[in-house]
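In what follows, a structure is listed as structure tokens, so that the remarks can point back to it.
Readers should treat all values here as calculations from the given coordinates under stated rules, not as data from a laboratory. Just so it is clear, the structure is predicted and the values come from calculations on it, not from any experiment. Neighbour counts run over all protein chains shown; Cβ positions are idealised from the backbone, glycine included.
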Amino acid sequence: MILEVPPRFAEKPPDRELRAGERVLSYLTAEFERSTFKDGERLPTNKELALRLNVSPGTVQAILQKLAKEGRISSQRGSGTYLVARLPEPAKDIRIGIGASLQKLHDPDGWISRIGGGIFQAALKQQALIEGVSNSNAQPEVMIEELMEKKSQLDALILLPYSAVSGHKQLIEAYESEGKPVVHIHPPSLIATANFTSTGFMDAAYAIARVWRRTGRKHLLFFTTMCRSQNVTISDQLRYAGLVSGWGAQGETSLTACESIGNLASQEAGYQTINRLLASGKKIPDAVYCSGDWLALGAFQAFEEAEIRVPAEVSIVGAGGMNLSRTICPNLTRVRNDLERVGQEAVEMVVRRIRHNGIALPGVVVPASFMGGSTTSAEENKLLEIGLHRKATKPDASQPTNQEAAAENNIPFSATPKAAAPLKTPSPRVRRSGFSLVEVTIAIGIVAFAMVTLMGVIPIGLISTQDAMQQTARSHIIKQISSDLGMLPFADMPAYLAANQFYDYEGNRLTGASTNSRIYIATMTDALPSYPGSSNLANLDERFERVAIKIRRIAESTNAEFRTTISVFNASGKP
């Protein structure tokens, strides 16, 4: 009997760069490391492996003998060779420190406890131990000192955004320098790109701002706890940046920011702040985005008491995603943040960094969605996809079954389908020696039709190819400009934006080249809108820029130019 190589062996191509013996050993070792590996799986024969790996059967036999001595395989005469699973080595428990007390992770406010729930769930799965600081009310200096003392006992750190410890450079550097990775819950800065997990603060704000613009809202208010101080949270800065990018600046629209009384995030603070705004005589917003759900509840209460209809006259959205089942507005429209997954991703990132010798990993942003829907209009709910969750299709009990329908119409019904009647074999036809005139005419017509179709498709294909080349060149140009703006100090940005830039047909920048090589020209302007009101997030405005880019072929008119805008963050600030 001839045995075939199993599909999973046949799928893996041999590595031609390895020596023959190394190739066989590497091939078989990969089988031991498969996640689906089972003890007692049969290997192909020596000849089959030799043919697959392009080596001699003697080389395969030598490697199999070596693995047999190590106890990795077993041979049974007349039966074959089988893989043998090793007993797993006892895993070393990973000890992960948390920049907060364990009591704080069980805080009843829901936000921190949901992240903590994800952390504990993932730690149990990864067989990791979680250790927090001893005092939940300790000052940042005391917490830092305790975490420094525990450095020899811990393998990694997860830092929460609710304490000054999360941004302490000395603590982070001390752990990272010893190969003990540090992962942040939420990005530690606006320019952070690695070693953090977060929910989509900016994406959610951008989405709701776009929806409000599309539904005709004119005056957007960003309602937060703190917007004038230097201690504005990273999450609020990202939310504001998302609102700015999604809202834009057109016509008579406005975007302002307002901080709560006493910088509190409570429902009472939201209620009093909106009441003060309504009494001031200033323009009443028709869209309010709140950094917390309790502020949004207070705003809802104030607007309702002032007989300003929600959502007809003002649309309100909270950014917290809290459980509001026992509040005055249980279905308040709010962002659904998957905080449990944020905590899980943090633990998994820590474990991956430990296994890869502390290498930095890209930040993970968990997508956010929207829920509720009572404080936004029906059109806005549709655009935000609130309540549009697909359900598994179930049989409709109100509809009769096949058997009931058959009985109702006096038709015999059988649960077992009848066997299909056998197909009749057509009788053989007499073979002719040539083609008839009709067949020749039809064949010529088909060929002629195909040629006409082909000649019509060729111009379309050429146009599509040209459009694809132009799109590729424009993408390359935007990538170069984005890279320049990301590295450019804001002090040099006006001069950079004032100069036109030229590129060849592939989108490569030309410097000092002749005019014959110039195919594309790119012009840039400052597109950051100016917002009325004295309560804008000036701290962020100094580090946020929007640049409008126009790209066109030099031989074409301005009507054919490609336009886009990009956002730039800079930690150094504008001049």
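The ranking of 168, 184 from fewest to most other beta carbons within 10 Å of each one's beta carbon is 168, 184. Report the paramagnetic label zone for residue 480: residues of the stretch 489-508 whose backbone N is under 13 Å from a point 7 Å from Cα along the Cα-to-Cβ axis. Answer for the stretch 489-508: 500-508. Would you please classify the overall shape of the stretch 94-198 from the alpha carbon gyration tensor, given that a ≥ b ≥ c denote the square roots of the eigenvalues, rounded means a/c under 1.5, and beyond that prolate means a/b larger than b/c while oblate covers the rest? It comes out rounded by the Cα gyration axes.
A simple spin-label model places the labels of residue 521 and residue 312 5.4 nm from each other, with each point 7 Å out along Cα-to-Cβ.
Exceedance of the 19 Å cut-off in Cα-Cα distance is limited, within the set 218/550; 218/283; 151/180; 218/282, to 218/550. With a cut-off of 9 Å between beta carbons, the residues surrounding residue 174 carry a summed charge of -1, where Lys and Arg count +1 and Asp and Glu -1. Taking the Cα centre of the stretch 154-294 as origin and assigning +1 to Lys and Arg Cβ atoms and -1 to Asp and Glu Cβ atoms, the resulting dipole is close to 740 debye. Using the Cβ of residue 215 as centre and a radius below 11 Å, the other residues enclosed give a net charge of +3, where K and R count +1 and D and E count -1. Spin-label model, residue 263 to residue 374: label points 7 Å out along the Cα-to-beta-carbon direction sit 3.3 nm apart.
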